[in-house]
């Protein structure tokens, strides 16, 4: 029975290692079940004292394994391949937020129903029509600007 308990703990530690490499949670859940299963077996086989000791060992092994993997593994040659170091500086869309657009006239490039595209000073912007449905080619006026679009209404 002792070999089964030790085997469950070793399986749990190996699965925790794989959880950091192959994210998703499945390996972590299986690792927790295996290690807690080892604790339960220890409770049945060796009583409360053996179960509590096994649970303490389980806790120390889990924390130790995570510390080693998160603190020391990224500094190794193999670990650098698994952990991201860079970041991407970019946005999904250029911010519109320029208040100097308010009051300018624009032309609709698409039908605004109520959103679509408009051209302001030769630049194309996503727009929201406060006047409801507006046909393509209609002259409009910018009344407000938020983070990703301009709000327009009929002249």
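Each reported figure results from applying straightforward, stated rules to the coordinates on display, with no laboratory input. Predicted, not measured: the structure shown is a model, and the values here were computed from it. Because the Cβ atoms are built from the backbone with ideal geometry, glycine has one as well, and the counts that use them run over all protein chains shown.
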Linear extension gain, residue 4 paired with residue 88, 0.36 nm per residue minus alpha-carbon span: 25.6 nm
With Cα springs under 10 Å, the Gaussian network model of the chain assigns the largest mean-square fluctuation among 16, 120, 26 to 120
Per-residue ellipticity at 222 nm for the chain, helices alone: DSSP H runs ≥ 4 residues times -39500 (n - 2.57), over residue total, nearest 500 deg cm²/dmol? -15000 deg cm²/dmol
Residue 18 and residue 61 label points (each 7 Å along its Cα→Cβ direction) are spaced in nm at 1.6 nm
Can you tell me the Rg and the Dmax, both Å, for the Cα atoms in segment 100-154? 9.2, 25
What does the extension gain come out to for residue 148 and residue 115, with contour length at 0.36 nm per residue minus their alpha carbon separation? 10.7 nm
Comparing 67, 22, 145, which has the greatest mean-square fluctuation in the GNM of the chain with Cα pairs linked when under 10 Å apart? 145
Which angle between 0 and 90 degrees, to the nearest 10, do you get for helix 2-21 versus the longest principal axis of the chain when only C-alpha atoms count? 20 degrees
Given Cα pairs under 8 Å that are at least 6 residues apart, what percent is the relative contact order of segment 2-82? 28 percent
Tilt of helix 26-67 relative to the longest C-alpha principal axis of the chain, in degrees (0 to 90, nearest 10)? 30 degrees
